[in-house]
1. Stretch Thr79-Asn300 to full length: gain in nm at 0.36 nm per residue minus the Cα-Cα span?
2. What distance in nm separates the simple spin-label points at Ile51 and Thr91, each placed 7 Å from Cα in the Cβ direction?
3. Counting only other residues whose beta carbon sits under 10 Å from that of Leu77, what net charge do I get with K and R as +1, D and E as -1?
4. Could you work out how much longer the chain between Ser226 and Val185 gets when fully extended? Use 0.36 nm per residue separation minus the Cα distance between them, nm to one decimal.
5. Can you tell me the FRET efficiency between Leu320 and Leu36 if r is taken as the Cβ-Cβ distance and R0 is 30 Å, rounded to the nearest 0.05?
6. Quick check: net charge around Phe100, other residues with Cβ under 15 Å of its Cβ, Lys/Arg +1 and Asp/Glu -1?
7. Going by amide H atoms built from the backbone, whose H comes under 5 Å of the H on Asp147, apart from near neighbours?
8. Expected output is a single nm value to one decimal: the length gained when fully extending between Leu24 and Thr168, i.e. 0.36 nm times separation in residues minus the C-alpha distance. What is it?
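Computed from the coordinates by the stated procedures, all read-outs in this text should not be read as laboratory data. As the structure is a prediction and not an experimental result, all values here were calculated from the model. Here Cβ is always computed from backbone atoms with ideal geometry, including for glycine, and neighbour counts include all displayed protein chains.
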Amino acid sequence: MKNIDKYIISKILFAFTMVLIGMLSLAWLSQVLKMLDEIVMRGADLKSFFILTLTVLPNIISQIIPLGVFAASSFALQTLSSDKEMVVLLTSGMKPLRFFKPFFIFGIAATVLLIIFSLFLGPSGMRYTKFKIHEIRHDLSGTLVRDGMFSMPAKGLTVYAHKKDNNTSIDGILVHDNRDPTSTVTYSAEKGYLINDNNKPKLILLNGNIQYRNLSLDGPGMTTVSFEKNEYLFSDFLNQDNNFNYDSSQRYINDLLFPKDDDEYAKSRKKILQSAGNHKLAQIIHPLAFIIFSFSVFINGKFDRRDRNKNIIKLTGSILIFQIFDFFIASIAQSNTLAILLLYILPLLLILSSVILIKKNTLKVGDY
């Protein structure tokens, strides 16, 4: 019997791995594309980008585990049914509940995996991602000045740095300020230093000149002024958002259900965060509920090709309806406390109805 359990679990595990890789690749790609433009434009290096693409994976995995478990268990049952292996096992005297044992073991393992990823690794990864993106956005040396390249950190501003010796020191710099087309100003200097004084970014320019248009003069109206030291302030037109708040995907379950009193972000979103926290807890039941439901549908069907196709259609349609109801209730729970209870009742009802179907199994040896 142990060999049979291992055989069935290996089938489910193989299907789950394939489904997980496929769904994860698509979801990961969509997340990467969201970050790609901003990270590249901010001048982040390839290492930072690679790390950020990995830190979002736990949160993605936590979202696709339930559906992955459903797809894997349905595939395994379909294979066992089409290959007549299920018929052989049941007609040899194995009871349906005993046949369900490897599916139950896999469901428990998937639930534990979901708890780890959803409640711990997912929020940790998203917190790190949030922190690094915030850091990249406010890295003035990467945003305003890029080594050996022209950059446009804001509309009407072009900055060129010949070489950056470190994060703040620059050799050969040019700043072209064209915010007002009638009074264009160009700064060029042999050396510069980028500093952030009380969140007011400014560039210290050494040994350079300023070229600007002088409307009081005839002709082109260009005037050049040399300087030994000059300051150029970026804070006048750079929008620096320094708010740093964790949303629902970046909070641990305790921060969702019981936000701290000094958490300004959570004060106006308390119900939304609590709804998200309860939804996370309710989703922990989903893998086991999906496996039991899939098993109940196949174990109560006839093992012919037409019936197997009906089972797949029935399973897919039922889970689709379940997911629609689940997200609908989750949205209502953001403003209705009573709906939070329905988040837990929904998967429990699926389990209860599935158990009833299994107990009412009336298949006979002749039906196989």
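1. My answer for the length gained is 78.0 nm.
2. Going by the 7 Å Cα→Cβ label model, 6.1 nm.
3. Spelling it out: positives minus negatives among the neighbours equals +2.
4. 13.4 nm
5. 0.45
6. Here the count lands on +4.
7. Close amide H contacts, sequence-distant or interchain: none at all.
8. 47.9 nm
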